[in-house]
Amino acid sequence: MALQPVAKLPFEGLIADARSHKLGKWHSKLSERALEQYAEIGWPGPKTESWKYTSLNKIASGTFSLAGEYSAIVPEDMIMPLTCPRVVLVNGVLNKELSNLEHLIGNLSITSLVDIEDHQKTFFDDLFKSEESKGDLPLTHLNTAILSDAVMLEITEGSKCELPLHIISIGSGNGITFAPRLIVNVGIGAKVDFIESHVGCSDSAYFSNSVTQLYLGDNSEVGHYKLQNDSRESSHISLTRAVIDDGASYDNFTMSVGAKLSRNEVRAHLKGSGVECCINGAYLGAADQHIDNTTFIEHQAEGSSSREVFKGVLDDTARGVFQGKILVHPEAQKTDGYQMNRAMLLSDKAEIDSKPELEIYADDVRCSHGATVGELEDELIFYLCARGIDRESARRMLIGAYISDAIDEVKNIDIRSSIQIVAENWLKQNLYEK
Amino acid sequence: MSLLSIRDLHATVGGNEILKGINLEIGPGEIHAVMGPNGSGKSTLSYVLAGREGYEVTRGTIAFKGKDLIDLAADERANEGVFLAFQYPVEVPGVVGMTFLREAYNAKLRYLGKQEIDAMEFLKFVRSRAKTLNMSDDMLKRAVNVGFSGGEKKRNEILQMAVLEPDLAILDETDSGLDIDALKLVSDGVNELRSENHSMLIITHYQRLLNYIQPDHVHVLAHGKIQRSGGKELALELEAKGYAEFSEEAA
Ligand SMILES: Nc1ncnc2c1ncn2[C@@H]1O[C@H](COP(=O)(O)OP(=O)(O)OP(=O)(O)O)[C@@H](O)[C@H]1O
Ligand SMILES: [Mg+2]
């Protein structure tokens, strides 16, 4: 057996394996480029500003291998509870048996990288290249470098999808790492809602390094709803990047309840004017969970609005992080930006770090932000108890109401109710007084 | 037998003894008014009866329908039939009024081992009660007390009382902050509930309320003790003379 060279970077050793893994020669070139870029930026450490509150040391020092198994049983009780067509990925690779694509209508197409010949991949090439200039996202390059598959959804110009599409990413296996990659291309004037459920099999401890990139054509309408319910021993680091053209509307919501360590990073680039962009979320953390929500909204053109509402509940020694940056370019006059992060701490040992950041270069803008931290007031609990409601139910009602406030931001009513159910289940399972 | 029997009740709040030996008997169907200077312990008494945490009974007994109340948690007391209309009702963000009422109502039914009520039936029942208190449907759809005016909050307390039909209602200054019409409505609500099965303990600073709700007994609470008891004429006397005779020295 040949000696492995000592890896300088976390996962560097795996990258070579990944090249011969699933995607063949085409991926080798892409992967080499990605490795170069990843090596140039390096692994985020304690001095990396954007990773100040979330340490990746545990992931860096862990031993991971690439997955070898791409089938699993869908953990139905962990995914977003909703009946609609599914696209299922197991360890980052599309699994057609588990997916039910027969209900898809013609104007929505799904392509998997594994399925197509190398010469057909040039289109993907361009899409990957467009991500390369992003100097501060080493984990995105790592995702590209160890890719086993990528799934592209295309919605043709002007088509309206009635049913939402449910993309389910399942992690299965201990000590494995995988890189789900989703590309969503929405044509001019098209309308679609889709869900991402990130879940794990039983108590698998894995590292999911997920990237979703979206392109929203002029006047398109996209609802993008994510449930992060990965298994409690896993790590979930994800980037969602949306490039949004004129007059389009993007409604993004992330519900984070799973994983031991998670980061949900959303970057929205409002290229066009008259864009309506919502980046919202809720997070519920218990035990020693660490939940990071990091957002970046870039107003590049005039007259767009963005809205962010995040609410979290943290119990035990759970820790939350919210970093929200809004950048307004000089051209982006008449920008309307709103950002709010509220957290409720249920224990003395729970913690939240909140870092809002406004960088505004235009003069005619309206931007506001705020953050609050509170606890559940005894006076409120007593009021409910004095009406006959037991303490535990009272707590559940009050915390549920608190978190609903953020969930109410979700524009798709059915999906809003599904997220509500996820929250209620979490409260039932996790909320008891110690 | 008394519905509520308080004997030599001592209670502390934050380490201070506030109630210093209260004796009070309330029979079925009786209405008792408690008056007394600010800070004399009236709200403290109501919280001790309702079972608020931090209000510690250090001596004495409270029997309700023959049961020892002190051992019961706040929700159990409520389901046994004790209701407190708060002096300062809190805002409950995100919890819709109607949902709140239904949860409370069903909690009691469950406690009594009965079937939960049908949602439509309950809606009709609440609407009829709300109507007599001149409360709009809109108020029931909003989060409990959130953004309500002071008077609206008080009316909402009475609505909850009218829906839950407690054996013993403790009204802590429900009349404060009500306009003349609302005072009339609230009094009507109280009088409607009044019957041989429903007793009340009404804490008030104003004799005016007692014109609408005729009490059977009036008590003066000062310095943590009931200093004097009498009929409704005692309220008139207090209105005229104030609480001078119950000053620390006099007590
Ligand atoms: N948490 C607390 N710690 C210490 N003292 C308290 C606490 N809560 C109440 N008290 C004191 O207990 C006393 C009685 O208060 P209470 O609210 O019962 O008075 P009250 O008779 O209802 O007065 P009012 O007519 O103004 O409503 C007051 O002196 C008050 O300051
Ligand atoms: Mg008082």
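Annotations for the structure displayed:
- Solvent-accessible area buried by A and B, counting both chains, probe 1.4 angstrom, square angstrom: 1800 Å²
- Members of segment B:19-55 that become less accessible by 50 Å² or more once partner protein chains are added (1.4 angstrom probe, chain alone as reference): B:ARG52
- Among the GluC sites (Glu not before Pro) in segment A:332-434, those placed in a DSSP loop whose Cβ has at most 10 other Cβ atoms within 10 Å are A:GLU433.
- Label point distance in nm, A:ASP316-B:SER229, each placed 7 Å from Cα along Cα→Cβ: 5.3 nm
- If you plug the beta carbon distance of A:TYR338 and A:LYS160 into 1/(1 + (r/R0)^6) with R0 = 35 Å, you get a FRET efficiency near 0.80.
- Charged-residue dipole, Cβ positions (Lys, Arg, Asp, Glu), chain A about Cα centre, Debye nearest 20: 720 debye
- With all protein chains in place and ligands, DNA and RNA left out, the 1.4 Å accessible area ranks A:MET78, B:MET120 as B:MET120, A:MET78, largest first.
- Using a Gaussian network model of chain B in which every pair of alpha carbons under 10 angstrom is joined by a spring, one finds that among B:LEU221, B:LEU109, B:LEU210 the greatest mean-square fluctuation is at B:LEU109.
- Computed over protein heavy atoms with a 1.4 Å probe, the accessible surface of segment A:40-188 works out to 44 Å² per residue.
- Ranked order, B:VAL146, A:VAL87 - accessible area, probe 1.4 Å, largest first: B:VAL146, A:VAL87
- In nm, spacing of pseudo-spin labels at A:ILE73 and A:GLU302 (7 Å Cα→C-beta vector): 6.0 nm
- 3J(HN,Hα) from dihedral phi, segment A:14-19, Karplus parametrisation 6.51/-1.76/1.60, rounded to Hz, x for glycine, proline: 6, 5, 4, 4, 4, 4
- Accessible surface of the protein assembly as shown, 1.4 Å probe, proportion on carbon and sulfur as whole %: 49 percent
- For the pair B:ASP71 and B:VAL90, label points projected 7 Å from Cα toward Cβ lie 2.8 nm apart.
- Segment A:LYS428-A:ASP115, extension gain: residue separation times 0.36 nm, minus the distance between their alpha carbons: 108.5 nm
- For the residues of A:388-400, the average number of beta carbons from a partner chain within 10 Å of their own beta carbon is 5.
- Taking 20 Å as the cut-off, the amide N atoms of segment A:136-172 that come nearer than this to a point 7 Å along the Cα-to-beta-carbon line of A:ASP126 belong to A:150-159.
- The distance linking segment A:307-357 with segment A:151-170 is 29 Å (Cα centroid to Cα centroid, whole angstrom).
- Partner chain coverage, peptide A:374-383 - average Cβ within 10 angstrom: 4
- Entry comment: accessible area of chain B is 44 Å² per residue, from protein heavy atoms only and a probe of 1.4 Å.
- Peptide B:73-83 is shielded by partner chain Cβ atoms: per residue, an average of 5 of them sit within 10 Å of its Cβ.
- Taking every DSSP beta bridge that has both ends in segment B:4-250, the antiparallel portion is near 60%.
- Between the beta carbons of A:VAL373 and B:GLU245, assuming R0 = 45 Å, the FRET efficiency works out to 0.35 to the nearest 0.05.
- The spacing between segment A:54-75 and segment B:135-200, judged by their C-alpha centroids, is 58 Å.
- Think of segment B:4-250 as a dipole: +1 on every Lys or Arg Cβ, -1 on every Asp or Glu Cβ, centred on the Cα centre; then among B:ALA162, B:ASN197, B:ASN23, B:ALA162 lies furthest on the positive end.
- Sequence-separation-based contact order of chain A, relative, with Cα cut under 8 Å and 6+ spacing, percent: 10 percent
- Proximal lysines relative to B:LYS124, as straight alpha-carbon distance under 21 Å, when same-chain residues fewer than 8 apart are discounted: B:LYS108, B:LYS114, B:LYS141
- Going by accessible surface with a 1.4 Å probe and the largest first, A:MET397, B:MET35 read A:MET397, B:MET35.
- Secondary-structure-derived ellipticity at 222 nm for chain A, considering helices only, amounts to -6500 deg cm²/dmol, per-run term -39500 (n - 2.57) for DSSP H runs with n ≥ 4.
- FRET efficiency, 1/(1 + (r/R0)^6) with R0 35 Å, evaluated for A:ASP414 and B:GLU165 via beta carbons: 0.35
- The charge dipole of segment B:30-90, taken about its Cα centre with unit charges on the Cβ atoms of Lys, Arg (+1), Asp and Glu (-1) only, comes to about 200 debye.
- In sequence order, calculated HN-Hα J values of segment B:138-150 (Karplus, 6.51, -1.76, 1.60; Hz; x Gly/Pro): 4, 5, 7, 7, 7, 5, 3, 6, 5, x, 6, 6, x
- Gain upon complete extension [B:ASP181, B:LEU236; 0.36 nm per residue less C-alpha separation]: 17.6 nm
- Surface analysis of segment A:258-298 yields an accessible area of 18 Å² per residue, using protein heavy atoms and a 1.4 Å probe.
- Threshold 50 Å², segment B:85-107 residues less accessible with all protein chains present than alone (1.4 Å probe): B:PHE86, B:VAL90, B:PHE100
- Most mobile of A:LYS411, A:LYS129, A:LYS334 in a GNM of chain A (Cα contacts under 10 Å): A:LYS129
The values are calculated or read from the model by the stated rules, or taken from the named source; none is laboratory data. As the structure is a computational prediction, the values presented were derived from the model and not from experiment. Glycine also receives a Cβ, built like all others from the backbone with ideal geometry; neighbour counts cover every protein chain displayed. In case anyone asks, the SASA skips ligands and DNA or RNA and just uses the protein heavy atoms, side chains included. Shrake-Rupley method; radii C 1.70, N 1.55, O 1.52, S 1.80 Å.
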